[in-house]
Each structure stands twice: as structure tokens, then as C-alpha cells.
Amino acid sequence: MLENVLTKNNAASKTKITCKTLVSIGLIALAVVLPQLVHLALGQPGGVKLLPMYLPVLIGGCLLGWRWAMFVGVLSPLASFALTSLMGNPMPVLARLPFMMAELAVFAVVSGLFSNKIYKNGLWAFPAVLAAQLAGRAAFLGLAFIFQSVAPFTAEMIWSQILAGWLGLAIQLIAVPLIVIGLRAILVKEK
């Protein structure tokens, strides 16, 4: 969506890259800070239930398109791990990190595939988020199944976490499209 807005406003290539870079950095920062706030308020179970890192990644997909959002999806858990490791309590834990990076990359790519449609009609954000959630969680479950012999968790453990996170997914299914529709209303000036 953002690419379409910038193109419509005749932004130069350098301006487009700068704008998308700044938005990406902001979303990655939000993906690091939001889980910390949730864990501070609700403890570790709050993170499993609300999935706070997923929200900025889904917004990134809808706004940035799949290419830029993929980097947001991959770098968000990596940045969180790096910063929280410095504080002595890495989140996500190292064993889960590659799985979460892959899952959030899928979230970002799938929601990002809808970016052009969202530019034309903001209501496309609803199916974008739903499709991303289904594909991302399926990817995580599939990877856990494939690598369960070398990972410290099983597909059954991941399935139980998926069930525990239904509230977060439901909140995101409503909140992300509403945020994206609001941003679209600000950025896209209809004639």
C-alpha cells in the first residue's frame, strides 16, 4: 500500500526507500517493545496468549508489501532475541528463534501479498490478516513436526501453544485491519 501511495505522489526512488526503511525500523522496534510491555504486565503467559510481536508484522505486511515486510518478519524476533539476550532473558529463546523467524516471515509475506488490494480497498486487510495467520501458524506447526527430532519441542507442544494464542489471533484479526484501514484513510486521498 505504501509503495502505491508514494508512487501516486510522484516520490523519488530514494524517498521511497527512505520512507519504507523508516516504517520498517519503526515496526521492528514496536515488535521488540510490545512483547516486553505485555510480559511486564501479564508475565510470560500473556505473551503466549496475546502474541504481541505478530501485530506489527501483520501491519507491516499490509503496508509495505511482501518484500519489505518479509524483512520485518525475519528481523523482529532476531532483534528481540539480540536485545533481550543483553538483559539476560532472551525472548524468544534460542531454540525457538529460527521457527519464529520463519513463522513471522510467512505472516509478513502472506499479508504483504494483499498490499496492492488494500491500497484499492482497505477491507482487503481482513482476509489478508486471516490468510497470514492461517499460513503462518500452519508453517510453524509444520516446521515443528519436521524438526521435532532435533528441536526441544514437539508438534503437539506447538499445537497447544497455537490453541493458547487464539485470543491474540482474534484481537489481531480485528485490530490490524482497523489500524490499516485508518492508516489508509490518512494516506490515500480519494478523488
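Can you find, within the range 144-177, the residue that is nearest to Leu63 (Cα to Cα) among those that are among the aliphatic types (A, V, I, L, M) and free of Cβ contacts under 8 Å to residues at least 12 places away in the same chain?
Within the range 144-177, the match that is nearest to Leu63 (Cα to Cα) is Ile174.
Please count how many residues of the range 56-81 are crowded, with 21+ Cβ neighbours inside 10 Å and under 15 Å from Pro92 (Cα atoms).
Here the count works out to 5.
In the range 8-19, what residues are of a type outside the set (A, V, I, L, M, F, W, C), surrounded by 11 or more Cβ atoms within 10 Å (Cβ to Cβ) and either at pLDDT 95 or above or part of a loop (DSSP other than H, G, I, E, B) (or both)?
Asn9, Thr15, Lys16, Thr18
Please return the ranges of helices (runs of 4 or more DSSP H) entirely within the range 28-103 where 1 or more residues are over 24 Å from Ile158 (Cα atoms) and without any contact (Cβ under 8 Å) to a residue 40 or more places away in the chain.
By residue number, 66-86.
Of Gly73, Gly47, which residue is within 16 Å of the chain's Cα centre (by Cα), at pLDDT below 95 and on the phi < 0 side of the Ramachandran plot?
It is Gly47.
How about the range 30-44: which of its residues are open to solvent by 50 Å² or more (accessible area, probe 1.4 Å) and within 12 Å of the chain's Cα centre (by Cα)?
Leu30
The rows are residues; the columns are (1) in contact with an Asp or Glu (Cβ under 8 Å, 6 or more places away or on another chain); (2) closer than 24 Å to Gly46 by Cβ; (3) modelled with pLDDT under 90; (4) surrounded by 15 or more Cβ atoms within 10 Å (Cβ to Cβ).
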residue: Ser111; (1), (2), (3), (4): no, yes, no, yes
residue: Ala131; (1), (2), (3), (4): no, no, no, yes
residue: Leu134; (1), (2), (3), (4): no, yes, no, no
residue: Pro152; (1), (2), (3), (4): no, yes, yes, no
residue: Met157; (1), (2), (3), (4): no, yes, yes, no
residue: Gly182; (1), (2), (3), (4): no, no, no, no
residue: Leu187; (1), (2), (3), (4): no, no, no, yes
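The values are calculated or read from the model by the stated rules, or taken from the named source; none is laboratory data. Just so it is clear, the model here is predicted, and its values are computed rather than measured. Cβ coordinates were reconstructed from backbone atoms using ideal geometry, including for glycine residues, and neighbour counts include every protein chain displayed. These area figures cover heavy atoms from the full protein model, side chains too; ligands, DNA and RNA do not enter into them. Shrake-Rupley method; radii C 1.70, N 1.55, O 1.52, S 1.80 Å.
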